[in-house]
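Here the structure comes first, spelled out in C-alpha cells, and everything after it is commentary.
The values are calculated or read from the model by the stated rules, or taken from the named source; none is laboratory data. Since the structure is predicted, the reported quantities are computational estimates derived from the model, not experimental observations. In this analysis, Cβ positions are derived from the backbone assuming ideal geometry, glycine residues included, and neighbour counts consider all displayed protein chains.
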Ligand SMILES: [Zn+2]
C-alpha cells in the first residue's frame, strides 16, 4: 500500500513538473516570437529610412545638377548673346565703312597653298590687319597645316579643286562637281569649315574645257548654284600667273584696274616661288587704304562676280 501511494504521488509530481515545463517553454516561445517581431520591425523601419534618405539625397543631387545645368546654359546663352551683339556691331561698322568707301577690294589667292609663298602672304595680311580669300588646290599633309592656319586666322577658304588638270576636271559636269566636293570634304575634315565658295579652274569663262566637254561651263555655272555653291570669277587680274614677271608689273596691273563704287575681286596666286606677288602685296594694300578702299574677304553674303560664259 505504501509503495502504491508513493508511486501515485511520484506520478502526480512528474505530471506537475511536465505541466510547469510546458508552460515555461510556451512562455519562452511566445517571448521569442515577440522579440523576433520587434527586431524585424525595427530593421524594416531602418531600411525604409535609409531608402528615404537616399531618395532625398538623390533628389537633392538631381536638383543641384539641374541648377548647375541651368546656370551653365544661362552662362552659355549670355555669352552667345554677347558674341552675337559684338558680331552685329562689327557688321554694322563694316557696312558703314563700305558705304563711305571708294570701293571694296577682295584679294583672292588661287592654286595654293605652298610652303614658301602662303606663309609670307598670311604674315603680310596679318600685319596689315586685313582678310582675304584663298581658293585652295590639291591636298597633302603639308598643305593641311597651311589650310588650318588660314582658317585659324579667319581667312576665307574657297575651293579651287582637288586637281587643276583641265583634262580631268572638265571631262564632264560630274567630274568637275566631284573635283569640288573632294576638296570640300578634305577642308572640312581638317578645319571644320564647310566651304561652298568655289572658283572654277581657269574661271567660268575658260575656253579650254570645250576641248574636253563642249558646253560644260554652261551646265556647270547653273549646276554649282543649284547644288548650294556660289562661284566667284574676278574683275581685276594681277596677271601673276601670266605675263607679270616682277612685283612692279603685278602692282601696276592691280592698281590700274581698280574701280570705285564696285566690288573689285582681284586674282592673284599663292603658288610656289611667286615673289612678284609677295613683294607687291604690301604696296597694293597701302594703295587701297590710301585711296579710300576697304578690304574684305568673300563671305556667303558677298554678291557673286561672274564672267560671261563663252564655252558653249
Ligand atoms: Zn587656278
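To keep it simple, each residue is scored yes or no on (1) within 16 Å of the ligand (Cβ to nearest atom); (2) in the same structural domain as residue 275 (by TED's automatic domain parsing); (3) under 24 Å from the mean Cα position of the chain (by Cα).
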{"residue": "186", "(1), (2), (3)": "no, yes, yes"}
{"residue": "190", "(1), (2), (3)": "no, yes, yes"}
{"residue": "217", "(1), (2), (3)": "yes, yes, no"}
{"residue": "223", "(1), (2), (3)": "no, yes, no"}
{"residue": "228", "(1), (2), (3)": "no, yes, yes"}
{"residue": "237", "(1), (2), (3)": "yes, yes, no"}
{"residue": "247", "(1), (2), (3)": "no, yes, no"}
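Taking only pairs six or more apart or across chains, which ones have beta-carbon atoms under 6 Å, a first residue in the range 96-112 that is near the ligand (Cβ under 10 Å from one of its atoms), and a second residue that is part of a helix (DSSP H, G or I)?
Close Cβ pairs satisfying both conditions: 112/118.
Looking at residue 135 and the list (1) in contact with a helix residue (DSSP H, G or I) (Cβ under 8 Å, 6 or more places away or on another chain); (2) within 30 Å of residue 97 (Cα to Cα); (3) within 16 Å of the ligand (Cβ to nearest atom), which single condition is not satisfied?
(1)
Could you please find all residues in the range 113-125 being more than 16 Å from the ligand (Cβ to nearest atom), assigned to a loop (DSSP other than H, G, I, E, B) and touching a helix residue (DSSP H, G or I) at 6+ places or on another chain (Cβ under 8 Å)?
Within the range 113-125, just 115 meets the criteria.
Taking the range 268-305 only, how many residues are more than 25 Å from residue 91 (Cα to Cα) and either in a strand (DSSP E or B) or not assigned by TED's automatic domain parsing to the domain that holds residue 155 (or both)?
Total satisfying the criteria: 2.
Within the range 192-206, track down each residue that is exposed (fewer than 14 other Cβ atoms within 10 Å of the Cβ) and out of contact with any helix residue (DSSP H, G or I) (no Cβ under 9 Å at 6 or more places or on another chain).
none
One residue is enough: does the range 44-62 have a residue meeting the conditions at pLDDT 75 or above and assigned to a helix (DSSP H, G or I)?
no
Having 3 or more residues that are over 23 Å from residue 107 (Cβ atoms) is the bar; report the helices (runs of 4 or more DSSP H) wholly within the range 126-240 that clear it.
Filter on the range 126-240 gives 166-169, 173-191, 216-226.
Which condition from (1) surrounded by fewer than 21 Cβ atoms within 10 Å (Cβ to Cβ); (2) over 20 Å from residue 112 (Cβ atoms); (3) touching a helix residue (DSSP H, G or I) at 6+ places or on another chain (Cβ under 9 Å) is the one that residue 166 breaks?
Of (1) surrounded by fewer than 21 Cβ atoms within 10 Å (Cβ to Cβ); (2) over 20 Å from residue 112 (Cβ atoms); (3) touching a helix residue (DSSP H, G or I) at 6+ places or on another chain (Cβ under 9 Å), only one is false for residue 166: (2).
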